[in-house]
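Written below as structure tokens is the structure these notes are about.
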Amino acid sequence: MPTKIKVAIVGTGNIGTDLLMKVLRSPWLECRLFAGRNLSSPGMMKADHLGVPVSSKSIQAVVERRSELDLVFDATSAEDHVKHARILRDLGLLAIDLTPAKIGKMCVPAVNLEECLQAENVNMVSCGGQASVPIAFAIAQANPEIEYIETVSSIASRSAGPATRINLDEYLGTTEEAIQHFSNCRISKAILNLNPAQPCVHMQTTVFAKIARPNLEKSREQVGAIVKDIQKYVPGYQMILEPMIENGRLAVMVRVEGVGDYLPKYAGNLDIINCAAIAMAEAYAQKRVGNGKAEAKNGFTP
Amino acid sequence: MKSATIVVTDPTLRDGSHACSHQITIEQIQKYATAAEAAKVDYLEVGHGNGLGASSLQVGLSLVPEREMLRTARSCLNKTRLSVHVMPGFATIKREIAGAIDLGVDLFRVGAHCTEADLTQRHLSYVRNVGKEAWGILMMIHMASKDVLLEEAKKMQSYGAQGIVLMDSAGASFPSDVTEKIGALARGLDVPVGFHAHNNLGLSIANSIAALEAGARIVDGTARGFGAGAGNAPLELLVAAMHRLGYKFNADLYKILDSGELAAELFAENLPISNAVTIVSGLAGVFSGFAKPVIRAAKQMHVDPRDIFFELGKRKVVGGQEDIILEVASELARKNSSKNS
Amino acid sequence: MTSRIDLVRQDAEAVVAKGFAPLQPLANSHLFISGGTGFLGTWLLELLAVLNTKQQFNTQVTVFSRFPQKFVERFPHLGQRKEFHFIEGDIRYLTELPRETDYIIHAAALTDRRLFASNPTMVGEVNAFGAIRILRAANLLDHLKKFVLVSSGLVYGPQSMDIERIDENYTSGIACDHANAIYAESKRFAEAMATSFVSESKLPLVTVRPFAFVGPYQSLELPWAVTDFIRDCLTGCPLKIMGDGSTVRSLMYASDYAFWVLAALAQGKSRSAYNIGSPEPINLLSLAKMIGQHFTPTPEMVTRVGQSGHEATRLVPNVEKAKAELGVSVTVPLPEAIQKTITWNIAK
């Protein structure tokens, strides 16, 4: 049994609580602190029932318990993370940022996990980013002359709360930036559709690429391989349309069904960020503990 | 009721983008915008079918870059105001809206799927804060009850929308639906209410009249119906109907008829018609703009486009989800091939 | 003499037999009832037991209550049923709902008028926070089909004497700043909160506004006119009427109440509110007589027991909307309802 590293989760809303459930299942991580502002929030009460140490002092609790911790997940808000990032850096604690603050290094495990292990602050980009960046990366690897990449995500309306909606523009910008960064393609575009259909739809993402002379076979190879990699840390990730050429564009479609740890299964868009964050944390744990390519149950081996 | 002047909005050069796979040319813009100005249309809407920033692989790339389309139209208009369609999720404030404001756009019609009005909060507020006119658009209105539409419209009103237009994007509504929904908004809102028809079930004019009779004070029409699917309410017929029914409006009847003739020439290759595909699109309640991409996918994958539409309707896809067409078409192709093997 | 359990079961079977088709959507589903061991809750379980036994509905029910143990001991015919699962908890601290929940009836609230007088702050807390908690939890469910919020006919404010029956669009002013206001205000708040969840995340909400009821399982300690009268008769005391007996109410039998609530769950239109109660008005003097006639010797009736100038009031719902949209009707007329209730109270 590998030694677990000790983590704290700051931010006890739905995302933080779902993350907690994943940490509890992880053979590499132990939750030493679940901190927020409201002890009577559903997440806090659930954590408490499960025997996880809780605190309503938010980041202050992390400061107080620094010696017990190895890394901190931040699932609060962009505004709060700006404050927290400084504190965590001063404490020398790895910050895994699930907010849109984007202060640190963008992390998409299937693409750049190894690099991220050196960073002091990593951010999980966005849901569309986690779903599409690996695909964009794979296509770019197979087609160095790639001119333009576009990603379109459809999510269930119910999975997008008021915070997501008011920050829609920022989400699009972040996702585009990530696509450009990871695929080295200069021009990109992100689109988001909300669908209110009942029963709720699962997250679905399409990546389109404009390539003068696309290599379809190589694209299929690379995309197929990276999808398998993603599935190691996002079990509900599925390619539903393998790379094809239609109307002069290369198209790939994936669907993400959430695990349902705490968030509903249709919220695959929220789940994928949490899964990616866990993958990052577990890789860091493995490095710290020095176990190399150990066989963690849900771990994604870097 | 007939004392109010009806505002005529003409999205020929925007909805029409769908009709020609977004290949509207500079020349078409110049000629039509000039005619619209002469015809005293209140607002002329220009741009990609899905609005600012929508030129994409998802929906189709515009022939002419957005900035040029708007600049060209702006230079042809004087009294007629320039309008754009904006869909949060495609367009952003920083990239598209700010640019359009610099180019002299007068009116921003910010739209969302009929249950998602809160997506438009920041965009509507931004436009109002810089002193431009902003309306809210609710799309695919056949998918929501009048109570939901009123609630969503009120949200947009609270964000600063100065008018709310209900778009029957799938052309799936019947006059009684329109009467009920427009009526509810006309009674429940402070700002004027408008209607934008599609002709998939042949009801664009009947629906537009029902809207006016129910209290709409804004109405959309395109020249020769040049728009997505089976087209919109043809502007010439709309104005003729308003003329006969005694509504007050600024547009000049003769000049509107002239611009209709001009449109017939200008857009000759893509004038909307009613056919098997557009009818099924209306029946299935799918966004009218899907017609061309569906036909294309159907052809490539050897499936019946009508089957694609009914399947899309079952999945309740919304505007902007053109990528789902690929999935559905592929799945149908797979099913067919396994049936035949 | 028929036992209490059998009397109630006969009533439940009777109302189900009259036509359970509207309830069909509840078959093979998972229902969560908060406050499921109260007056309404108990009757809901009686009806669901009949639907499961007689009509193979296979409806699983999770009952959330403060005192499930007591309930299971007192009513083993319900408590021991395999398809009823009991959870103990305080609705103020509810955090999660069973993931398989398809339907919710939120009936957990403090409704005892004596408590409004002695502990109004708790009434406010339980009714308001409870609603927020369960609505939030409902929002995380994978496949919730309908949420019935049990509100109250008191949200309308006092009924004007010259209106015969109040419908779902009625409203009169209620002052919110006196101690007695807490119940109606907490129920109004619950409705406003539920409406907000609908606006933000399109929760499939149906609101029911119950008026006044009578039947087995209703505690005779409660300070309603009907329970006062029955208790007075059973204890051999004279029937005391506060005013001149011209106050008008209506009373629905408990089996109809529970059936109508289930129908609202199965058939109610999202975003709609439904009055639940009897539309047949009766003044208190007549009600007292109707109850008294079941006893020999006929109990004495005393009027004007309260302060002089005690104003007559009226509270009678218009239930046409429920009848039209839910496929329900009043199956137990008031005289029968009174007779059944008295029989049950006398039985063992």
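The values are calculated or read from the model by the stated rules, or taken from the named source; none is laboratory data. In this text, all values refer to a predicted model and were calculated from it rather than measured experimentally. Cβ: placed from backbone, ideal geometry, glycine included. Neighbour counts: every protein chain shown.
Data overview
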{"item": "Any hit, region B:86-93, residues being buried (at least 22 other Cβ atoms within 10 Å of the Cβ) and either in a helix (DSSP H, G or I) or more than 14 Å from every other protein chain (Cβ to nearest Cβ) (or both)", "result": "no"}
{"item": "Conditions (1) within 11 Å of chain B (Cβ to nearest Cβ); (2) touching a Pro at 6+ places or on another chain (Cβ under 9 Å); (3) at pLDDT 95 or above: number failed by A:L216", "result": "(1)"}
{"item": "B:S288, sole failed condition from (1) at pLDDT 95 or above; (2) more than 14 Å from every other protein chain (Cβ to nearest Cβ)", "result": "(1)"}
{"item": "Test: residue in region C:142-159 that is in contact (Cβ under 8 Å) with a residue 40 or more places away in the chain, within 14 Å of chain A (Cβ to nearest Cβ), out of contact with any Lys or Arg (no Cβ under 6 Å at 6 or more places or on another chain) and assigned to a helix (DSSP H, G or I)", "result": "no"}
{"item": "Filtered residue count, region B:298-341, keeping only those that are more than 13 Å from chain A (Cβ to nearest Cβ), crowded, with 21+ Cβ neighbours inside 10 Å and small (G, A, S)", "result": "0"}
{"item": "Candidates A:G173, A:G236, A:G224 - the one that is of a type outside the set (A, V, I, L, M), surrounded by fewer than 24 Cβ atoms within 10 Å (Cβ to Cβ), within 21 Å of B:D323 (Cβ to Cβ) and within 12 Å of chain B (Cβ to nearest Cβ)", "result": "A:G173"}
{"item": "So A:L20, is it surrounded by fewer than 17 Cβ atoms within 10 Å (Cβ to Cβ), within 19 Å of the chain's Cα centre (by Cα) and in a helix (DSSP H, G or I)", "result": "no"}
{"item": "Residue in region A:240-261 that is nearest to B:R334 (Cα to Cα), counting only those that are part of a strand (DSSP E or B) and more than 11 Å from chain B (Cβ to nearest Cβ)", "result": "A:P243"}
{"item": "Sole residue being of a type in the set (S, T, Y) and closer than 28 Å to B:L150 by Cα, chosen from B:S125, B:S75", "result": "B:S125"}
{"item": "Unique match (being within 13 Å of chain A (Cβ to nearest Cβ), part of a loop (DSSP other than H, G, I, E, B) and touching a residue at least 12 places away in the same chain (Cβ under 8 Å)) among C:L110, C:L97", "result": "C:L97"}
{"item": "In region A:199-213, the residues that are assigned to a loop (DSSP other than H, G, I, E, B), aliphatic (A, V, I, L, M) and more than 11 Å from chain B (Cβ to nearest Cβ)", "result": "A:A212"}
{"item": "Residues (touching a helix residue (DSSP H, G or I) at 6+ places or on another chain (Cβ under 7 Å) and surrounded by fewer than 24 Cβ atoms within 10 Å (Cβ to Cβ)) located in region B:181-202", "result": "B:A184, B:G188, B:L189, B:D190, B:V191, B:L201"}
{"item": "Count of residues meeting criterion [among the charged types (D, E, K, R) and exposed (fewer than 14 other Cβ atoms within 10 Å of the Cβ)] in region C:305-337", "result": "3"}
{"item": "Tally of residues being buried (at least 21 other Cβ atoms within 10 Å of the Cβ) and either over 21 Å from A:I240 (Cβ atoms) or within 12 Å of chain B (Cβ to nearest Cβ) (or both) across region A:144-168", "result": "14"}
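Conditions (1) under 15 Å from the mean Cα position of the chain (by Cα); (2) part of a loop (DSSP other than H, G, I, E, B); (3) not hydrophobic (A, V, I, L, M, F, W, C), marked per residue:
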residue	(1), (2), (3)
C:P216	yes, yes, yes
C:S219	yes, yes, yes
C:D228	no, no, yes
C:C237	no, yes, no
C:S246	no, yes, yes
C:S255	yes, no, yes
C:V261	yes, no, no
C:L265	yes, no, no
